[in-house]
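Reviewing the structure listed below.
The values are calculated or read from the model by the stated rules, or taken from the named source; none is laboratory data. What you see is a predicted model, and the numbers here were worked out from it, not measured in a lab. All Cβ positions, even for glycine, are placed from backbone atoms using ideal geometry, and neighbour counts span all protein chains on display.
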Amino acid sequence: MKKIHLYLIGGIFLLFGIYLLIFQQGFYFYGFFSMGLFLILLNIYNSISKEKLFHKWKTKQYLIFSILLILFCVIIDKIGVFLGYWIGSDTISFRRIIEYIFRWIIPFLYLMLTLLIGMEFFKIKLNKKISFILSLIIFVTLIGLFTEYLNHLVNSWIILKMPFTNYKIRGFFIIFQTLGYWVMAIIPLIIYKITNKTMKNKHFEKTRAKSKISYLLF
């Protein structure tokens, strides 16, 4: 699929999500919004970066990455519910699975992409470590604040409290929700790098093994 088509699809999802938010006051706006934002940011990153995301991945890599990310999302959600930070559900249903995809997995991915795009921006003048830190502080924090602003219009999700301090501005827990968005950006990036590196190593081992066999035979 061409980039222009993905931009178009992403734009439609994003605008429809905003339409649901503004005109329908629908708390389910976030699924369309997050999917649209994810597609747009994925295209932007792959357009500006030398290393394309999910480049030449096979089904096995997608499965490993997805399973690990889902596992982390479920663990974080369950811990948050157990500690009373937010309201969750113990039942497993089709609707609950859809919620995990669009309220957890896709947002994790668009936050990771926000982090990567910010790093590409700062790497023009700065080294990788400083670019990573600045991208977290500026890019990820801003997208997190924007996400929370939209959510507070309809309360698609409600945060009840945060650990140590409940200091907040207009419903936004400044310290821990900011840290939370940073974690949401970092976790999928770590999983992505582990998955990518593992598969590359396996491919290298297979290639080397084939080379040895060819050498012995011929």
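Within the range 48-56, identify whether any single residue is at pLDDT below 90, farther than 24 Å from Ser135 by Cα and among the aromatic types (Phe, Trp, Tyr), and answer yes or no.
For the range 48-56, residues at pLDDT below 90, farther than 24 Å from Ser135 by Cα and among the aromatic types (Phe, Trp, Tyr): absent.
Residue by residue through the range 65-94, note down the ones that are under 30 Å from Leu8 (Cβ atoms) and either at pLDDT 85 or above or in contact with a Ser or Thr (Cβ under 8 Å, 6 or more places away or on another chain) (or both). Steps first, please.
Residues of the range 65-94 that are under 30 Å from Leu8 (Cβ atoms), as a first pass: 65-66, 69-70, 73, 94.
If the condition is that a residue be under 30 Å from Leu8 (Cβ atoms) and either at pLDDT 85 or above or in contact with a Ser or Thr (Cβ under 8 Å, 6 or more places away or on another chain) (or both), then Phe65, Ser66, Leu69, Ile70, Cys73 are the ones that fit.
Can Tyr30 be described as aromatic (Phe, Trp, Tyr) and either surrounded by fewer than 19 Cβ atoms within 10 Å (Cβ to Cβ) or modelled with pLDDT of 90 or more (or both)?
Working: aromatic (Phe, Trp, Tyr): yes; either surrounded by fewer than 19 Cβ atoms within 10 Å (Cβ to Cβ) or modelled with pLDDT of 90 or more (or both): no.
Against the criterion (aromatic (Phe, Trp, Tyr) and either surrounded by fewer than 19 Cβ atoms within 10 Å (Cβ to Cβ) or modelled with pLDDT of 90 or more (or both)), Tyr30 does not qualify.
With the range 1-93 as the region, which helices (runs of 4 or more DSSP H) entirely inside it contain at least 3 residues that are among the hydroxyl-bearing types (Ser, Thr, Tyr) and within 20 Å of the chain's Cα centre (by Cα)?
On the way: elements: 3-23, 29-48, 59-82.
Helices (runs of 4 or more DSSP H) meeting the threshold: 29-48, 59-82.
Report whether or not Ile143 is closer than 18 Å to Leu42 by Cα, in a helix (DSSP H, G or I) and touching a Cys at 6+ places or on another chain (Cβ under 7 Å).
So Ile143 does not fit the description; no.
Which residue pairs have Cβ atoms under 7 Å apart, sit 6 or more places apart or on different chains, and have a first residue in the range 95-112 that is free of Cβ contacts under 8 Å to residues at least 60 places away in the same chain and a second that is surrounded by fewer than 18 Cβ atoms within 10 Å (Cβ to Cβ) and of a type in the set (Ser, Thr, Tyr)?
Close Cβ pairs (under 7 Å, with a partner that is surrounded by fewer than 18 Cβ atoms within 10 Å (Cβ to Cβ) and of a type in the set (Ser, Thr, Tyr)) amount to Arg96/Ser89.
So Lys202 ticks every box in (1) at pLDDT below 85; (2) within 25 Å of Val81 (Cβ to Cβ) but one. Which box is left unticked?
That leaves (2) as the condition not met.
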